[in-house]
Amino acid sequence: MKKVIKEEIYLNAKITDIFRLIENYENYENFIPGCKSSSKKAISESVSQGTLNFEFLNKRYRFVSLNNSTEDRIEMKQLDGPFKSFFAHWKFESIDELKTKVQFYAEFETGFVMSVILNDFMINNLKELMIHTLKKQLNI
């Protein structure tokens with residue numbers, strides 16, 4: 001089952017601070033619900049491989065992504081993991097020195113078991129918790 005998540009928020013923070021926080025995959029366990037550990041392996045200046053280890057309903061999942069960072073965007077594509085397919089990106093636009101528009105887009109396809117775990121209610125709760133934790137990490 002294919003799902004799409006879109007979110008656009010405005011944060012009272014510098015674009016560089018938001019970008020740095022989201023690009024720091026080692027910190028994902030602190031703001032992505034269910035993420036128990038995370039790591040990043042640099043491939044080049046703009047490309048990295050991220051590994052996230054999750055636990056939901058006493059079951060463990062490993063998600064490995066290829067990540068490409070540009071000046072105003074971070075793209076993530078699943079290399080290995082629980083999804084049939086997964087692509088996401090964060091896009092950043094500076095409104096002024098202390099205000100940034102952040103857009104998140106994810107498109108993924110799941111099998112039956114994962115679709116039960118990632119139902120619409122769970123996705124909305126995870127999205128709200130991520131936004132709350134992102135703001136907390138940025139002290140806003």
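Values quoted throughout were computed directly from the atomic coordinates according to the rules given, and no laboratory measurement underlies them. Bear in mind the structure is a predicted one, so any value in this text is a computation, not a measurement. In this analysis, Cβ positions are derived from the backbone assuming ideal geometry, glycine residues included, and neighbour counts consider all displayed protein chains.
Quick notes on this structure:
- Taken over region 34-50, the criterion of being outside any strand (DSSP E or B) and either touching an Asp or Glu at 6+ places or on another chain (Cβ under 8 Å) or surrounded by 15 or more Cβ atoms within 10 Å (Cβ to Cβ) (or both) is satisfied by GLY34 alone.
- Counted residues, region 4-31 - those being more than 15 Å from SER94 (Cα to Cα), in contact with a Ser or Thr (Cβ under 6 Å, 6 or more places away or on another chain) and touching a residue at least 60 places away in the same chain (Cβ under 8 Å): 1
- The one condition in (1) over 18 Å from LYS2 (Cα atoms); (2) in contact (Cβ under 8 Å) with a residue 60 or more places away in the chain; (3) touching a Phe, Trp or Tyr at 6+ places or on another chain (Cβ under 6 Å); (4) surrounded by fewer than 18 Cβ atoms within 10 Å (Cβ to Cβ) that LEU129 fails to fulfil: (3)
- Within region 51-61, none of the residues are over 25 Å from SER115 (Cα atoms), surrounded by 14 or more Cβ atoms within 10 Å (Cβ to Cβ) and not small (Gly, Ala, Ser).
- Long-range neighbours under 6 Å by Cβ, at least six apart or interchain, first residue more than 21 Å from LYS3 (Cβ to Cβ) within region 68-86, second buried (at least 18 other Cβ atoms within 10 Å of the Cβ): ASP72/PHE92
- Search result, residues across region 94-117 that are aromatic (Phe, Trp, Tyr) and loosely packed, with under 14 Cβ neighbours inside 10 Å: PHE112
- Check on PHE54, in contact with a Cys (Cβ under 9 Å, 6 or more places away or on another chain), without any contact (Cβ under 8 Å) to a residue 40 or more places away in the chain and either aromatic (Phe, Trp, Tyr) or within 19 Å of LEU138 (Cβ to Cβ) (or both): yes
- Residue list for region 66-93, restricted to those being loosely packed, with under 15 Cβ neighbours inside 10 Å, among the polar types (S, T, N, Q) and in a strand (DSSP E or B): SER85
- Test: residue in region 26-43 that is within 25 Å of LEU118 (Cβ to Cβ) and among the aromatic types (Phe, Trp, Tyr): yes
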